[in-house]
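Just below is one structure, and these are the notes that go with it.
The values are calculated or read from the model by the stated rules, or taken from the named source; none is laboratory data. Being a predicted model, the structure only gives us computed values, none of them experimental. Note that each Cβ is placed from the backbone with ideal geometry, even for glycine, and that neighbours are counted across all protein chains shown. Keep in mind that these areas ignore ligands, DNA and RNA; they rest on the heavy atoms of the full protein, side chains included. Shrake-Rupley method; radii C 1.70, N 1.55, O 1.52, S 1.80 Å.
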Amino acid sequence: MRQILARSELCLGCKSCELACAVAHSTSKRLLEAIGELMQPQKRIFVESNGELNFPLQCRQCLDAPCVHACISGAMQFDLKTGLIQADEQKCVGCMMCVMVCPFGVIAEIPATHRVAKCDRCQDLDYTPACVAACPTKALEFVEVREFSHSGRQTLLDQMKGVN
């Protein structure tokens, strides 16, 4: 299964991915209209920085998902069709247990509804997730883990050849 993976050395911290994510989850799906929507769109990716390093974080789709185990209403569940952990806003009771147990801090409260939002990999787009498509430096990739790690090793080999 393809994952959204990040190359932190390429991330500028521009937050284009955050903006694209919020717009993709808005009612209008258009930036200028999304800004004025009554219920503000919620991003599902978070760019963190320590001043030197920027890193985009989103749901890692944990195999032994703490959010699913902690959800008292059954709103957080593994979707057999997509293979993803999804949040069912209709079942969510707003207890925020999933927010508390997420080891990556990437489940967010939707302030207007007191429900939660998490990365759904833009399932309704049927192509590359909005955050990946919006990244100007291609720091985000939507690839198989094996492919990502192979390209990382290849980059390292190429750099080592350039040193000699």
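Highest mean first, the peptides 87-100, 6-19 sorted by other C-beta atoms within 10 Å per residue fall in the order 6-19, 87-100. The portion of the accessible surface of the range 31-162 made up by carbon and sulfur, rounded to a whole percent, is 59 (1.4 Å probe; DNA, RNA and ligands excluded). The simple Förster model, with R0 at 25 Å and r as the Cβ-Cβ distance, assigns residue 1 and residue 125 a FRET efficiency of 0.95.
Straight Cα distances below 18 angstrom link residue 138 to the lysines 15, with same-chain residues fewer than 8 positions distant left out. Using alpha carbons only, how many degrees (0 to 90, rounded to 10) separate the axis of helix 145-163 from the longest principal axis of the chain? Helix 145-163 and the main axis of the chain meet at about 30 degrees. To the nearest 10, the accessible area of residue 2 is 110 Å² with a 1.4 Å probe. Over the range 75-164, accessible surface divided per residue gives 61 Å², non-protein components excluded, 1.4 Å probe. Cross-link partners of residue 81 among lysines, defined as those whose alpha carbon lies under 22 angstrom from its own and excluding same-chain residues fewer than eight positions apart: 91, 118.
Just the accessible area per residue of the range 1-52, please: how many Å² with a 1.4 Å probe? Result: 63 Å² of accessible area for each residue. Stokes-Einstein, applied to the Kirkwood radius of the range 1-111 over Cα pairs at a viscosity of 1.002 mPa s and 20 °C, places its translational diffusion at 139 µm² s⁻¹. Karplus-based coupling profile of the range 114-130, in residue order and whole Hz: 6, 10, 10, 10, 9, 4, 10, 6, 6, 4, 6, 7, 6, 7, 3, x, 4, with θ = phi - 60° in 6.51 cos²θ - 1.76 cosθ + 1.60 and x standing for Gly or Pro. Secondary-structure-derived ellipticity at 222 nm for the chain, considering helices only, amounts to -8000 deg cm²/dmol, per-run term -39500 (n - 2.57) for DSSP H runs with n ≥ 4. A straight Cα-to-Cα reach below 16 Å connects residue 161 with none of the aspartates and glutamates, residues fewer than 8 places away in its own chain not being considered. Given a 1.4 Å probe and the protein chains as shown, residue 113 ends up with an accessible area of around 40 Å².
Note on residue 143 and residue 30: the model spin-label points, each 7 Å out from Cα along the C-beta direction, lie 3.5 nm apart.
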